[in-house]
Amino acid sequence: MVQNGLMSSAEDVADQFLRVTKLYLPHVARLCLISTFLEDGIRMWFQWSEQKDYIESSWGCGAFLATIFVLMNLLGQLGGCILILSRNFVQYACFGLFGIIGLQTVAYSILWDPKFLMRNLALGGGLLLLLAESRSEGRSMFAGVPTMRESSPKQYMQLGGRVLLVLMFMTLLHFDANFLSILQNLVGTALIILVAIGFKTKLAALTLVVWLLIINVSFNAFWTIPTYKPMHDFLKYDFFQTTSVIGGLLLVVALGPGGVSMDEKKKEW
């Protein structure tokens, strides 16, 4: 009874949060989601020579192809961010950013680094959720016209987005023997399972948002490190990638889990 009461109180708080923020939560979610692309695009501009030299030396592809790579990253990321924020050609922008993720995964050898690969996949999950949101907005233009049940592509995009998002939390698990680490792992694992299967989804996603915010500010405080130190860029990259996953989770909170979820099945039952 006590547990049910606590769960009901937590869900009431989450519902109240959604009522208060429903007008601007999707905007905040999109801004958070594209933050890593925005930061990386700007970094490509200010570190043009360093990025070009790195690709040229790593792949031996010559200055011309290295320049094309940096230019594609710069224009692709900044252009995609502008389109998403202005709500113009959002689906094309998402596909372009998917391409950037794939390109960087190969170019920076992320494919062989499980931690960074999972984070890139989580970022792709956020873009899938953004695609699902853009499909909803497209149908809302035909309000009042009878439609069939929510289309399967959108449902499965939301499912895929949720599952990929939780990969971020797999990189945060600490396999230490101390009590705090074990407790954090148990709570985190329970929450990511709830988000993945779509049970109590909004409450679980909102809890993960708060958890990630605390971790991000505590452990990725790049502004406390001098800019000339390599750790500054590493923490900055980590900070904005985590912020993007927070944006994806906020989209889950704003949109709900979709049709392929326990929450939706409960309504049918």
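Assorted remarks:
- Stretching the chain fully between residue 8 and residue 233 yields a gain of 76.8 nm (0.36 nm per residue, less the alpha carbon separation).
- Cut-off 9 Å between beta-carbons: net charge of the residues surrounding residue 236, Lys and Arg +1, Asp and Glu -1: -2
- Each of [x] 13; [y] 24; [z] 80 is a candidate for percent of Cα pairs over 33 Å apart; the one calculated from this structure is [y].
- Separation of the stretch 24-82 and the stretch 199-218, taken as the distance between their Cα centroids, equals 28 angstrom.
- Calculated FRET value between residue 189 and residue 111, using beta carbons and R₀ = 30 Å, to 0.05: 0.70
- For the listed residue pairs 22/52; 115/154; 236/266; 115/266; 22/115; 115/265, the alpha carbons are over 31 angstrom apart in 22/52; 236/266; 115/266; 22/115; 115/265.
- Value of [θ]222 nm, deg cm²/dmol, for the chain, DSSP H segments ≥ 4, -39500 (n - 2.57) each, nearest 500: -26000 deg cm²/dmol
- When the chain is described by a simple charge dipole with +1 on each Lys and Arg Cβ and -1 on each Asp and Glu Cβ, the residue from 204, 17, 64 located farthest towards its positive end is 17.
- Computed on the chain, with alpha-carbon pairs under 8 angstrom and 6+ residues apart, the relative contact order is 25 percent.
- Whole-percent pair-distance distribution, where bins are 10 Å wide, for the alpha carbons of the stretch 1-112: 13, 32, 22, 15, 11, 5, 1
- Size of electric dipole in the stretch 1-106: Cβ of Lys, Arg +1 and of Asp, Glu -1, about Cα centre, debye, nearest 20: 320 debye
- Peptide packing for 181-191, 31-41 was compared via the average number of neighbouring C-beta atoms within 10 Å per residue; ordered from the highest value, the list is 31-41, 181-191.
- A DSSP coil position with no more than 10 other Cβ atoms inside 10 Å describes the following chymotrypsin sites (Phe, Trp or Tyr not before Pro) in the stretch 162-227: 175.
- Relative to the Cα centre, the charge distribution of the chain, modelled as +1 at Lys and Arg Cβ and -1 at Asp and Glu Cβ, gives a dipole magnitude of about 600 debye.
Quick note: the coordinates plus some simple rules give every number you see, no bench work behind them. Note that this is a predicted model, so its numbers are computed, not measured. Positions of Cβ are generated from backbone atoms using ideal geometry, with glycine treated the same way; all protein chains shown enter the neighbour counts.
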